[in-house]
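For reference, the structure is listed below as structure tokens.
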Amino acid sequence: MEVKIKNVLLEKSIGLLFNLSLKGKQSRHRTKFIKRLEERLQEVAEEDKQLLQQHCRLDEQGNPKIINGERYDVKDIEAFSKDKQELYNEELVIDDGDSQAILNTVRTILDECNVEFKDQQATLYDYLCDQFKVDETIEENNKNEKDVG
């Protein structure tokens, strides 16, 4: 199984999964999955800082200048926005062999989830279900993995 999560949805995905009440193996695998998301979130934060360094006028200490204590002094807002949008639309791809058991467990968690989500959380839940292919039957998924392996 391959799962892709957009960078812009990492933090919200962590929050949604973290707040589910789980026990045993499901809790452990959820925690391992969240750790992968958190690692990527840290990388994205670092890349975001680098974008600020590249696109802003810098102060005496080499940090991005802030105008009126509110916003960064961006040289080219259009280029900065484009680069930032590109970064946020990139996806974390998890498909390595070590993660398959974790991905299958998280898929089951999403499939069996009895929580009523509203508004943005409902949209996020739907997105995660799509990424984990929750609507496909598990038998089809397992058969396909055997055919590939």
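Just Val115, Val44, Val106 to compare: in a GNM of the chain, with alpha carbon springs under 10 Å, which one fluctuates most?
Val115
How high is the FRET efficiency between Asp98 and Ala45 when r is their beta carbon distance and R₀ equals 22 Å, given to the nearest 0.05?
My answer for the efficiency is 0.35.
Please give me the summed charge of the neighbours of Lys6: other residues whose Cβ is under 12 Å from its Cβ, Lys and Arg +1, Asp and Glu -1.
So the environment of Lys6 carries a net charge of -2.
Go through Lys12/Lys84; Lys35/Lys84; Lys23/Lys118 and tell me which ones have a Cα-Cα distance over 20 Å in this structure.
Result: Lys35/Lys84; Lys23/Lys118 exceed 20 Å.
If the elastic network links every pair of Cα atoms under 10 Å, which of Lys32, Lys133, Lys75 fluctuates the most in the Gaussian network model of the chain?
Lys75
We did not get these values from a lab; they are worked out from the coordinates using the rules stated. What you are looking at is a predicted structure, and each value in this text was computed from that prediction instead of being measured. Cβ atoms come from the backbone with ideal geometry, glycine included; neighbour counts cover every protein chain shown.
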